[in-house]
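Asker: Quick one: the structure is below, questions incoming.
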Amino acid sequence: MTEKRSTFPLPLSSVTGASTRKPAAPTPVATPQTATQNARTSQAQTRQAPPPSPGPRPAASGAPQPVQPQQTMQRSDLAATEAPRRAMAAHVARQGVKDGQVLAALETMPRHMFIEPALSSQAYADVSLPIGHNQTISQPYIVARMIELLRGSGQPLRRVLEIGTGCGYQAAVLSCVAQEVYSIERIKPLHELAKANLRPLRIANLRLQYGDGMLGLPQVAPFDGIILAAAGLEVPRALLEQLAIGARLVAPVGAQVQHLQRITRTGKSEWTSETLEACHFVPLRPGTV
């Protein structure tokens, strides 16, 4: 039997053509509470009877909509993880993250859905975990800290680009604080893994792209924020040029010794840079695999 392909997360081709792009109307910001409620609804439906995979269906608004459950939802037990999620967010707050919207997204986004079931006991520990292909899911603190730096004084973000989708967790958190999120992954199996992990949440303002993240997405630029989940010796010029004036880019920079760097575009050919705390990320690489 042929399985009908889901349209969530939405492909980049849904908003851009081969040569021209019409400006899209801003999508309402998705809240982490909505994503969690949708996941809980899907889980309840799973316990009744697993239906066939759904086809495309129109959404009433930009917020995530309930869908029929996928197999990945069978390992979700949101009620059992409410306390660990709150504890994780509280720990991150004690580490210094103060942005309430970021903490709320972290508290309610089901991180256990983005890791292997064998590692579920560590899902809400403040640690990075392997996701295969020599890549990791970042520790919750660094996810929250980088998004907080991207937001600055808590101002709203319209369009954000993530370089390095990985398993999709950071993109999901970003979707709670930005109107549009685009995420690029260069490793094809991880791109597919992220789609599978995100599909049950049906996050309508998130679009995934398989490609070379060092090139960015010029067809949908400029961005109000760009965040990198891999460290290079320097930030690629192509990404700097895709920032809107006044926008920020947050990235780990360095080889053996790495630090978070926040770059703000102040003019057509002008940027300012701040070097912040030490960190450790996988290396930023060109091309696709």
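The values are calculated or read from the model by the stated rules, or taken from the named source; none is laboratory data. Remember, it's a predicted structure, so these values are computed and weren't measured experimentally. Every residue, glycine among them, receives a Cβ derived from its backbone with ideal geometry; neighbour counts consider all protein chains shown. Surface accessibility is based on the protein's heavy atoms, side chains included, excluding ligands, DNA and RNA. Shrake-Rupley method; radii C 1.70, N 1.55, O 1.52, S 1.80 Å.
Asker: If Glu234 meets every condition in (1) closer than 20 Å to Lys268 by Cα; (2) touching a helix residue (DSSP H, G or I) at 6+ places or on another chain (Cβ under 6 Å) apart from one, which number is that one?
Answerer: (2)
Asker: Considering only region 79-132, state which residues are polar (S, T, N, Q) and crowded, with 22+ Cβ neighbours inside 10 Å.
Answerer: The answer is Thr108, and nothing else.
Asker: Would you pick out the residues in region 234-289 that are among the basic types (Lys, Arg) and within 20 Å of Arg145 (Cβ to Cβ)?
Answerer: Matches in region 234-289: Arg248, Arg262.
Asker: Can you pull out the residues in region 133-156 that are open to solvent by less than 10 Å² (accessible area, probe 1.4 Å) and either part of a strand (DSSP E or B) or hydroxyl-bearing (Ser, Thr, Tyr) (or both)?
Answerer: Ile137 - this is the single residue of region 133-156 that is open to solvent by less than 10 Å² (accessible area, probe 1.4 Å) and either part of a strand (DSSP E or B) or hydroxyl-bearing (Ser, Thr, Tyr) (or both).
Asker: Looking only at region 102-155, how many residues end up being charged (D, E, K, R) and more than 26 Å from Leu243 (Cβ to Cβ)?
Answerer: 4
Asker: If we keep just the residues of region 262-285 that are assigned to a strand (DSSP E or B) and among the aliphatic types (A, V, I, L, M), which is surrounded by the most Cβ atoms within 10 Å (Cβ to Cβ)?
Answerer: Ile263
Asker: If you go through region 212-261 one residue at a time, how many are surrounded by 15 or more Cβ atoms within 10 Å (Cβ to Cβ) and on the phi > 0 side of the Ramachandran plot?
Answerer: Residues that pass the stated criteria total 2.
Asker: Run Ala196 past the list (1) among the small types (Gly, Ala, Ser); (2) assigned to a helix (DSSP H, G or I); (3) within 13 Å of Leu284 (Cβ to Cβ) and report the number of the one that doesn't hold.
Answerer: The number of the failed condition is (3).
Asker: Kindly provide the set of residues from region 129-182 that are in contact (Cβ under 8 Å) with a residue 40 or more places away in the chain and of a type in the set (Val, Ile, Thr), ordered by number.
Answerer: Answer for region 129-182, where residues must be in contact (Cβ under 8 Å) with a residue 40 or more places away in the chain and of a type in the set (Val, Ile, Thr): Ile131, Thr136, Ile142, Ile147, Val160, Ile163, Thr165, Val173, Val177.
Asker: Can I ask one more? Against the conditions (1) under 17 Å from the mean Cα position of the chain (by Cα); (2) at pLDDT below 95; (3) among the polar types (S, T, N, Q), where does Ser121 fall short? Just the number, please.
Answerer: Only one criterion in (1) under 17 Å from the mean Cα position of the chain (by Cα); (2) at pLDDT below 95; (3) among the polar types (S, T, N, Q) is unmet by Ser121, namely (1).
Asker: Looking only at residues in region 178-207 that are open to solvent by 10 Å² or more (accessible area, probe 1.4 Å) and of a type in the set (A, V, I, L, M, F, W, C), which one is nearest to Thr266 (Cα to Cα)?
Answerer: Ala204
Asker: If I ask for residues that are buried (at least 21 other Cβ atoms within 10 Å of the Cβ) and more than 21 Å from Pro236 (Cβ to Cβ), which ones from region 157-177 would you list?
Answerer: Correct list: Cys167, Gly168, Tyr169, Ala172, Val173, Ser175, Cys176, Val177.
Asker: Residue by residue through region 90-128, note down the ones that are more than 15 Å from Cys176 (Cα to Cα), in a helix (DSSP H, G or I) and free of Cβ contacts under 8 Å to residues at least 60 places away in the same chain.
Answerer: Ala90, His91, Val92, Ala93, Arg94, His112, Pro117, Ala118, Leu119, Ser120, Ser121, Gln122
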